[in-house]
Amino acid sequence: MKDPVLGGIFSFAIAQIFFISAIRQLITWEELYSSTRPFIISLLFIILPALIFFFRVYNPNRSKWVMASAFIYGIILCFFVSLCINAYLLYGGVWIYLGIGAGFFLLSDAVMGETTINGTRHPKWEFQVPWITYLIAQCFLLVGFFLVSHTRLLAH
């Protein structure tokens, strides 16, 4: 690839689609979007990061493919985060682990977008902070998916 960051963006986008599918196995759209609040939360989680993208990540000097891919990935990620937050607000309990994990994932990728994807800001912690927060995110998501699925199985 001319720009190797594209491979990372595509890989992480696929991972987010799998996360969304996993959430979908645990809760139906009808359950999750049974009132207005979840729609508003999902909309906010998509619009606000899109605005932040244009002001903090977008760099017209970078490849259009990188910028477009990062933007689309951000929308997919933020939709996943909104699902986790909405599920927690609906059911509480162990769903908090998924909400925290998704939040750390968003933090990780926000830092990566601000630095590596933008390409003009390179603080000393450019790679350490995203990877540490990513690992924290994965731990919470793993525990969360286990606990939520285990709790759901026991309820049936």
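The values are calculated or read from the model by the stated rules, or taken from the named source; none is laboratory data. Computed from a predicted structure; not experimentally measured. Heads up, the Cβs are rebuilt from the backbone with ideal geometry, glycines too, and the neighbour counts pull from every protein chain shown. For accessibility, only protein heavy atoms count, side chains too; no ligands or nucleic acids. Shrake-Rupley method; radii C 1.70, N 1.55, O 1.52, S 1.80 Å.
Structure values in brief
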{"quantity": "Residues satisfying the stated conditions in region 1-11, i.e. assigned to a loop (DSSP other than H, G, I, E, B), touching a residue at least 40 places away in the same chain (Cβ under 8 Å) and hydrophobic (A, V, I, L, M, F, W, C)", "calculated": "none"}
{"quantity": "Unmet requirement for His122, which otherwise passes all of (1) over 23 Å from Phe71 (Cβ atoms); (2) open to solvent by 70 Å² or more (accessible area, probe 1.4 Å)", "calculated": "(1)"}
{"quantity": "Complete set of residues in region 125-156 that are closer than 23 Å to Ile96 by Cβ, at pLDDT below 95 and surrounded by fewer than 14 Cβ atoms within 10 Å (Cβ to Cβ)", "calculated": "His150, Leu153, Leu154, Ala155, His156"}
{"quantity": "Within region 24-45, considering residues that are closer than 25 Å to Gly113 by Cα and open to solvent by less than 30 Å² (accessible area, probe 1.4 Å), the one farthest from the chain's Cα centre (by Cα)", "calculated": "Ile41"}
{"quantity": "Neighbours by Cβ (under 6 Å, 6+ apart or cross-chain): first from region 126-150, over 18 Å from Ala87 (Cα atoms); second open to solvent by 10 Å² or more (accessible area, probe 1.4 Å)", "calculated": "Val129/Val111; Pro130/Val111; Pro130/Met112; Thr133/Phe104; Thr133/Leu107; Ile136/Phe104"}
{"quantity": "Residue match in region 77-88 (condition: in contact with a helix residue (DSSP H, G or I) (Cβ under 7 Å, 6 or more places away or on another chain), in contact (Cβ under 8 Å) with a residue 40 or more places away in the chain, more than 21 Å from Cys139 (Cα to Cα) and crowded, with 21+ Cβ neighbours inside 10 Å)", "calculated": "no"}
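Residue by residue, here is whether (1) touching a Gly at 6+ places or on another chain (Cβ under 7 Å); (2) modelled with pLDDT of 95 or more; (3) part of a helix (DSSP H, G or I) holds:
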position	(1), (2), (3)
Ala13	no, yes, yes
Gln25	no, no, yes
Arg37	no, yes, yes
Leu43	no, yes, yes
Pro49	yes, no, yes
Asn59	yes, yes, no
Leu77	no, yes, yes
Phe80	no, yes, yes
Ile96	no, yes, yes
